[in-house]
Protein chains: 4
Amino acid sequence: MKRHDALGVLVIGTGRMGADHVRRIEEVTSGARVVAVVDVDPARAEQVAAGIDGCRTYTDPVAAMASPDVDAVLVASPGVAHEAALLAAFSHDLPVLCEKPLTPDAASALRVLEAERRLGRRRVQVGFMRRYDAEYLKLKSLLDTGRLGRPLMLHNVHRNMASPPWWTSAMHINDSVVHEIDVTRWLLGQEITAVTVLCPRPSVNAPEGLQDPQFVVMETDGGAIVDVEINVNCGFGYQVRAEVVCERGTARIGDGRGMVVNSAGQWGGTIAQDFIERFEDAYDREVQAWVDATRRGEVTGPGVWDGYAVAAVCEAGVRARTEGRRVEVELVERPALYR
Amino acid sequence: MKRHDALGVLVIGTGRMGADHVRRIEEVTSGARVVAVVDVDPARAEQVAAGIDGCRTYTDPVAAMASPDVDAVLVASPGVAHEAALLAAFSHDLPVLCEKPLTPDAASALRVLEAERRLGRRRVQVGFMRRYDAEYLKLKSLLDTGRLGRPLMLHNVHRNMASPPWWTSAMHINDSVVHEIDVTRWLLGQEITAVTVLCPRPSVNAPEGLQDPQFVVMETDGGAIVDVEINVNCGFGYQVRAEVVCERGTARIGDGRGMVVNSAGQWGGTIAQDFIERFEDAYDREVQAWVDATRRGEVTGPGVWDGYAVAAVCEAGVRARTEGRRVEVELVERPALYR
Amino acid sequence: MKRHDALGVLVIGTGRMGADHVRRIEEVTSGARVVAVVDVDPARAEQVAAGIDGCRTYTDPVAAMASPDVDAVLVASPGVAHEAALLAAFSHDLPVLCEKPLTPDAASALRVLEAERRLGRRRVQVGFMRRYDAEYLKLKSLLDTGRLGRPLMLHNVHRNMASPPWWTSAMHINDSVVHEIDVTRWLLGQEITAVTVLCPRPSVNAPEGLQDPQFVVMETDGGAIVDVEINVNCGFGYQVRAEVVCERGTARIGDGRGMVVNSAGQWGGTIAQDFIERFEDAYDREVQAWVDATRRGEVTGPGVWDGYAVAAVCEAGVRARTEGRRVEVELVERPALYR
Amino acid sequence: MKRHDALGVLVIGTGRMGADHVRRIEEVTSGARVVAVVDVDPARAEQVAAGIDGCRTYTDPVAAMASPDVDAVLVASPGVAHEAALLAAFSHDLPVLCEKPLTPDAASALRVLEAERRLGRRRVQVGFMRRYDAEYLKLKSLLDTGRLGRPLMLHNVHRNMASPPWWTSAMHINDSVVHEIDVTRWLLGQEITAVTVLCPRPSVNAPEGLQDPQFVVMETDGGAIVDVEINVNCGFGYQVRAEVVCERGTARIGDGRGMVVNSAGQWGGTIAQDFIERFEDAYDREVQAWVDATRRGEVTGPGVWDGYAVAAVCEAGVRARTEGRRVEVELVERPALYR
């Protein structure tokens, strides 16, 4: 259960991801609050902190971490700044959620690893958020049951509408396939041992000089083959798909209808077993919407008129069944309050 | 933005729904906390309150509402107790989230309506949570654009695995179709004017004497026809489906892959436009999981080893592309801390 | 096995359906040929008969049936002409495939029934072609296994792009729902005992005065409830859907991906078990296309160049696997004959 | 239009595929008949020829081709026998449908090519039947419109339930991927220039020593990358899938519901525009079933009782609408003839 002393979070970096995390902690997350934000641009930090009770702003992460109300750090600055931020957090013994990448290259990542190892306990969670996606979680659960046997192949598709102007051919791997690399390791529980990249003639939609799309083939120490279509100018939307091919069946996510499994002569998926499972998110949103509106002094959801009108239809419905006939519904005139 | 003084909620009723709402407010909802719970059974109330800092228990809702830290009330007691709870909340001028039904019949609902009207402002939200379901919201948005024209029919399917022992033939309407009644009114923006109920020969799975399934046909003041299959012993799971038939197309939800639209010679749906849209829930879950683990003093997500291993594979991948060959990945030995 | 003396068919009526059946018998059907056609319009009959070896034309069905090479009759004239044609066929003891409806009303249908009964053996097949649709056949097979238990409800959707100018509100039933009526009787093996029709406010796309769409509810002597959305100006295409709700599961066809079954916590369908099942239609089309092209003195399909090029790639592929490396494919220059 | 002198076909090879083609030509194909069959095993040839009017049997293909009633040859013997059969057919100037492979290797294929080139006109169609599959045809049509832009990648999945005992690791390419090789060339209109094969650790379901599954990556002269999962012991069924990734969208077939296209923010497919399109196959099967039954002296389809019962329900339905009430259906007692 939540303790009423919320976790005080310091957010480093208030760009797109950082600002979104600040909003998330303040408006969505239970049990945490943003106590300070850091940005090299003080104006941007001020803008993000505005309207949050007691939220301070800093330009220096190290100074910010010294504050006693900082219980944890969320690092959302550019990748090149991560190593310093992480080492500073270690020196303050603060737990960290670090947006991906951990650091921009293996050598610096290894330095962070050594530092955490010297600390003797794990303090860092890396922002590979696909491990928290409902579909990937379902896929992971299914694989972990062993019901489909050992994984042999993993086919991935990763498509973006269009690449931003500053995108490079290396970012296909470093910024996009990075997710499939983590997903492969997590889903299969195996390390990747070799990589091959094939490049078709670039799409007409790719900026001049950009190698897009790319086709990445990876091998793992468990003997699995993994392929990734990475296509950052597909032109129609954002799409992520994964299909695991196992010895006794396959499972695919990302087609927008949960997980579809092929097994034993059947394709298909599971059906929710009760309304809590089906409408859990709706209940969560309902209560959050009510709390938010109430704090603003408003009522925004279905109200008493709706409750009354529904009750009147229910009465007519029960009568229609017991009397075996069409029954008309009578409502009082709708009061002005409910118009 | 969230104020740090969380909304103090009194939860009335600690049965299945009430206890779930208590858990939700404490663990999921941002900006609210449970300050007290009420139940006619003090032991049940104690059990639910245990572990929540400063959460008091009551057997009398009226006494509970008198407490100054109660900012709002969530009513999750049985329907027959709702009227009294609502009137008490009105007398304390407290905002209410009232689980459906508002009250068990139209006459009592009308009394509540009159009371709120005398109060002169709306205080009550009724728990029709489907209005907060992502698929229903998509359907509502589409209808509201007018792109498909005026709604002509609405086909609904509502299936439950099996009915509990105390279920009656009237509860098909009062407890189940009640949702489709609200959904019809909300989606179409029309009131229901007549109801007919047809009953097939009961299913062999229905308890002796129970009329299950039922087929409900409703007419609206906008000239639409609405049908509902209500089937509480379908035997295979929980399923809710809705298809709106409009003048220029149809839209269906509930087949587990978002909304499928028929229009202009095409069937299909929309594709997410960016990763925020696709993975928003994953980000929310990720940050909540990190906050929860951090408060427990744990690190549960992907860690530094993962960040390092991924960086090493990325380096190999970029090299594989630029050098046009298969590149092997070299990792240091995995330290004990990360095993 | 086919006897080489093909069945001689007389086709009565050479409108849209009749002309299509003539084409079908000549170009698609194995073991039959059109020996004569009848139409009140001799020019239309001539046009359809042109190019068919020895195909005669008539304006009088009775005269046509007297010819000794007529082995069977296909009736595709307007419904009002069916009774006379059927009785004439009975007097010549000829087997008949009669397009739906058998006759336009129950009284005339009863006269045909009495006539066939006096004949003492069945001679007539009625053109309810949905009984030959692959999806309906799958649904029927599943129901007949009893695996899903007894049918309780049958939901149908029947949508047409737009109604022709001469369409009337009665034709919704007589020309469209007529198929669902037959399908209901065939799928469930039950007779229909009562009908109710509900009409929403007509669609803006329906011609002035036409009641479109309509919602038809039928009851059967087996205690099932059947509903049909009939919507002849839906504006987006032609769509036919059927969902049978049984005691232990449901099965739906018409969403364009075979049959989808809900049962025992799972939704899904079956996977083909071998290539013959998956590609049977392709083999049929391939051989028909080859026969047709060969009779025209042409070669239209994949040829020797394709066979050669594929063989060369296969060789490279096998080498690539055994040698564990990328292998280039070498082809001779493509000869002019194959360009 | 069909000439009544059917094409006389000689079928060489009466194993599984050959016997199936004999059945097809006799029972399904319009305008052709089997005049002779050839097999090294005379008993097998006799068995297949039995029951076909005037069908002769041979053990020597060359002798069989000399017969004047042989208009065309279908080669379904083992691949090693194809070259001789094709050359013999060339010497008789007979058109040929040759089951895949054309010949077992590129050198022999090249000899056949040279022979046909000397003949000066194309006589051979190779049995790449996927070019006649409805889904592949749809995909090809879409690509040919250019609406999705140039193809960049083609992802293929090809799965078989289980491999037969005599299967070898080379047959993955020669007998299975051979289809994807042809499909690639046909769909993209490009030749394949290089092949790489990656092998995961073999599936536990693969017989000892068999490299199964395999992952094949091909490059084309148009700059496209093509990958194929070939998996002949997948254990759950037979599945073939193809997804073309183009510059402005993707299209996928093989998920059992026609073609699904991603384009311009939407996923989905097309809806049939009329009942002929939707039910064309049903009409074909209906007429074939009627012809077959009639030739056997039977009536197997819906009959006069069905026509009558449907007419009675239609009458009730029209009355139900015009009178705005539930109308009961009255049927005469069902005569013995129709029970």
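Residue by residue, here is whether (1) modelled with pLDDT of 90 or more; (2) open to solvent by 20 Å² or more (accessible area, probe 1.4 Å); (3) more than 30 Å from A:VAL157 (Cα to Cα); (4) part of a helix (DSSP H, G or I) holds:
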position	(1), (2), (3), (4)
D:ASP284	yes, yes, yes, yes
D:GLN288	yes, yes, yes, yes
D:THR300	yes, yes, yes, no
D:ALA312	yes, no, yes, yes
D:ALA320	yes, no, yes, yes
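Specify the residue that is modelled with the highest pLDDT; the eligible residues are those in the range B:1-14 that are open to solvent by 20 Å² or more (accessible area, probe 1.4 Å) and not basic (Lys, Arg).
Filtering the range B:1-14 for residues that are open to solvent by 20 Å² or more (accessible area, probe 1.4 Å) and not basic (Lys, Arg), the one modelled with the highest pLDDT comes out as B:ALA6.
Give the range D:143-161 a look and list any residue that's within 25 Å of the chain's Cα centre (by Cα) and either within 12 Å of D:VAL245 (Cα to Cα) or within 11 Å of another protein chain (Cβ to nearest Cβ) (or both), or say none.
D:LEU143, D:PRO151, D:MET153, D:LEU154, D:HIS155, D:ASN156, D:VAL157, D:HIS158, D:ARG159, D:ASN160, D:MET161, listed by residue number.
For A:ILE230, which of the numbered conditions (1) within 14 Å of chain C (Cβ to nearest Cβ); (2) in contact with a Pro (Cβ under 7 Å, 6 or more places away or on another chain); (3) hydrophobic (A, V, I, L, M, F, W, C) fails to hold?
(1)
Failed condition for D:ARG121, given (1) over 18 Å from C:PHE275 (Cβ atoms); (2) part of a helix (DSSP H, G or I); (3) modelled with pLDDT under 95, with all others met?
Status for D:ARG121: all satisfied but (2).
Let me spell it out: the conditions are (1) touching a Leu at 6+ places or on another chain (Cβ under 6 Å); (2) within 22 Å of B:SER176 (Cα to Cα), and B:ASP71 meets all of them except one. Which number is the exception?
(2)
Show the residue pairs that are 6+ apart or on different chains and have beta-carbon atoms under 7 Å apart, the first residue being within the range B:51-66 and touching a residue at least 40 places away in the same chain (Cβ under 8 Å) and under 19 Å from B:ALA89 (Cα atoms), the second being of a type in the set (Gly, Ala, Ser) and open to solvent by less than 60 Å² (accessible area, probe 1.4 Å).
B:PRO61/B:ALA85; B:PRO61/B:ALA88; B:ALA64/B:ALA36; B:MET65/B:ALA88; B:MET65/B:ALA89
State whether the residues of the range A:55-65 include one that is within 21 Å of B:VAL299 (Cβ to Cβ) and among the charged types (D, E, K, R).
No, there is no match, as no residue in the range A:55-65 is within 21 Å of B:VAL299 (Cβ to Cβ) and among the charged types (D, E, K, R).
When the range A:269-311 is examined, which residues are found to be among the basic types (Lys, Arg) and touching a strand residue (DSSP E or B) at 6+ places or on another chain (Cβ under 7 Å)?
Scanning the range A:269-311 gives A:ARG278, A:ARG295.
Any residue at all in the range C:38-58 that's touching a His at 6+ places or on another chain (Cβ under 6 Å) and hydrophobic (A, V, I, L, M, F, W, C)?
Taking every residue of the range C:38-58 in turn, none turns out to be touching a His at 6+ places or on another chain (Cβ under 6 Å) and hydrophobic (A, V, I, L, M, F, W, C).
Any residue in the range B:167-179 that is over 16 Å from B:GLU99 (Cα atoms) sitting within a Cβ distance under 6 Å of a residue that is open to solvent by less than 20 Å² (accessible area, probe 1.4 Å)? List the pairs, counting only those 6 or more apart or interchain.
Filtered contacts from the range B:167-179: B:SER169/B:LEU210; B:HIS172/B:GLN214; B:HIS172/B:ILE230; B:ILE173/A:CYS314; B:ILE173/A:GLY317.
In the range D:138-180, how many are among the charged types (D, E, K, R), under 25 Å from D:PHE236 (Cα atoms) and surrounded by fewer than 23 Cβ atoms within 10 Å (Cβ to Cβ)?
Adding up the residues that qualify gives 1.
For C:VAL260, state whether it is more than 12 Å from chain A (Cβ to nearest Cβ), under 22 Å from the mean Cα position of the chain (by Cα) and on the phi < 0 side of the Ramachandran plot.
Here the answer is no, as C:VAL260 does not meet what is asked.
Is it the case, given these coordinates, that D:ASP71 is surrounded by fewer than 24 Cβ atoms within 10 Å (Cβ to Cβ) and modelled with pLDDT of 95 or more?
So D:ASP71 passes the test.
State all residues of the range C:181-191 that are assigned to a loop (DSSP other than H, G, I, E, B) and open to solvent by 30 Å² or more (accessible area, probe 1.4 Å); if no residue qualifies, say none.
Answer for the range C:181-191, where residues must be assigned to a loop (DSSP other than H, G, I, E, B) and open to solvent by 30 Å² or more (accessible area, probe 1.4 Å): just C:GLY189.
Tell me which residues, restricted to the range C:77-105, are more than 24 Å from D:ALA289 (Cβ to Cβ), assigned to a loop (DSSP other than H, G, I, E, B) and of a type outside the set (D, E, K, R).
Scanning the range C:77-105 gives C:PRO78, C:PRO104.
Looking only at the range D:91-115, count how many residues are closer than 15 Å to C:GLU298 by Cβ and facing chain C (nearest Cβ under 8 Å).
2
Of everything in the range A:262-282, what is outside any strand (DSSP E or B), open to solvent by 10 Å² or more (accessible area, probe 1.4 Å) and of a type in the set (A, V, I, L, M, F, W, C)? Give them in sequence order.
A:ALA264, A:ILE271, A:ALA272, A:PHE275, A:ILE276
The values are calculated or read from the model by the stated rules, or taken from the named source; none is laboratory data. Not measured: the values here are computed from a predicted model. Reconstructed Cβ throughout: ideal geometry from the backbone, glycine too, with neighbour counts over all protein chains shown. Each accessible area value is taken on the protein alone, full model and side chains, heavy atoms only, with ligands, DNA and RNA left out. Shrake-Rupley method; radii C 1.70, N 1.55, O 1.52, S 1.80 Å.
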